[in-house]
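The values are calculated or read from the model by the stated rules, or taken from the named source; none is laboratory data. This one's a predicted model, so the numbers in the text were calculated from it and none came from an experiment. Don't worry about glycine lacking a Cβ; one is built from the backbone with ideal geometry, like all the others, and counts go over all protein chains shown. Remember, those area values only see protein heavy atoms, side chains included, never the ligands or the DNA or RNA. Shrake-Rupley method; radii C 1.70, N 1.55, O 1.52, S 1.80 Å.
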Amino acid sequence: MKKFVIATNNTHKIKEIANLAKGKIIFNSLNDIGCFESIPEEQDTLEGNAQQKARYIYEKYGVDCFADDTGLEVDVLNGEPGVFSARYAGENATFDDNVCKLLDNMTGKVNRNAKFRTVICLIENGKEIYFEGVCKGTITLTRRGNDGFGYDPIFLPYGYNKTFAEMHIEEKNTISHRALAITKLLNYLI
Ligand code: IMP
């Protein structure tokens, strides 16, 4: 059976991927391979960061692996916060700080179109392949819902009356950027 390291220690992500793979692939975490250091992600694109993280693991540990990077891209803000989504309001910003800053920057904006985008970089036997998942929607005027994380309370996916934070995780996982990117990856691998 094929075996891959997921370049993350986020147990939620690992579980989500393992669930979708239905036991057809073995996934190891960074801890499983004895990697406890923080992996550099210093690029200015999602593709660049996913590549940097995957290459770091492949080159240092010599294992087939993949890494992902996600950002929320708002049309009227020229794609911001994008690759800076986690630290939009500063290096140690909380999810709430980032949401506040985004809502402030969207004050008075009529065009509220945005999309979440996930990029996965897979390295198998030294060959790099990219997979992308996109979920389009709009930025709400105020927060709605208590579930999820990050920008979920202000993201309304197209075709739904609920923000991501008002959805059950199972429902979000059928349409989310990350689930779409993972599904493409698994379709390629299985
Ligand atoms: P990461 O690359 O998965 O660590 O995501 C970077 C940042 O994007 C997170 O810190 C969140 O602020 C935001 N983000 C990523 N995925 C989601 C999501 O599904 N909902 C809301 N925010 C997200």
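Summary of values
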{"item": "Sequence-distant lysines (8 or more away, or on other chains) whose Cα lies within less than 29 Å of Lys60", "result": "Lys2, Lys3, Lys13, Lys15, Lys22, Lys24, Lys127, Lys184"}
{"item": "Folded to 0 to 90 degrees: helix 177-189 orientation relative to the chain principal axis, Cα", "result": "20"}
{"item": "Computed [θ] at 222 nm, helices only, for the chain once each DSSP H run of length n ≥ 4 contributes -39500 (n - 2.57)", "result": "-9500 deg cm²/dmol"}
{"item": "Heavy-atom SASA rank of Met1, Met106 (probe 1.4 Å, accessible area, largest first)", "result": "Met1, Met106"}
{"item": "Neighbour-limited loop hits for GluC sites (Glu not before Pro), segment 2-43 (at most 13 other Cβ within 10 Å; DSSP other than H, G, I, E, B)", "result": "Glu37, Glu42"}
{"item": "Heavy-atom accessible area order for Val110, Val76, largest first, 1.4 Å probe", "result": "Val110, Val76"}
{"item": "Computed accessible area, Ser29, all protein chains, 1.4 angstrom probe, square angstrom", "result": "20"}
{"item": "Rounded Å value of the spacing that divides the Cα centres of segment 71-100 and segment 8-27", "result": "26"}
{"item": "Accessible-area composition of segment 1-159, carbon plus sulfur, in percent [1.4 Å probe]", "result": "48"}
{"item": "Virtual spin-label span in nm between Arg143 and Phe95, 7 Å along Cα→Cβ", "result": "0.9"}
{"item": "Accessible-area ranking of His177, His168, His12, largest first, probe 1.4 Å", "result": "His168, His12, His177"}
{"item": "Net charge contributed by nearby residues that have their C-beta within less than 12 Å of Arg144 (K/R +1, D/E -1)", "result": "-1"}
{"item": "Segment 83-172 - percent relative contact order, Cα under 8 Å, separation 6 or more", "result": "21"}
{"item": "Aspartates and glutamates with Cα under 15 Å of Lys115, excluding same-chain neighbours fewer than 8 positions away", "result": "Asp69, Glu73, Asp75, Glu80, Glu132, Asp152"}
{"item": "Accessible area expressed per residue, segment 3-189, with surrounding protein chains retained (probe 1.4 Å, Å²)", "result": "50"}
{"item": "Calculated P(r) of the chain - Cα pairs past 26 Å, %", "result": "32"}
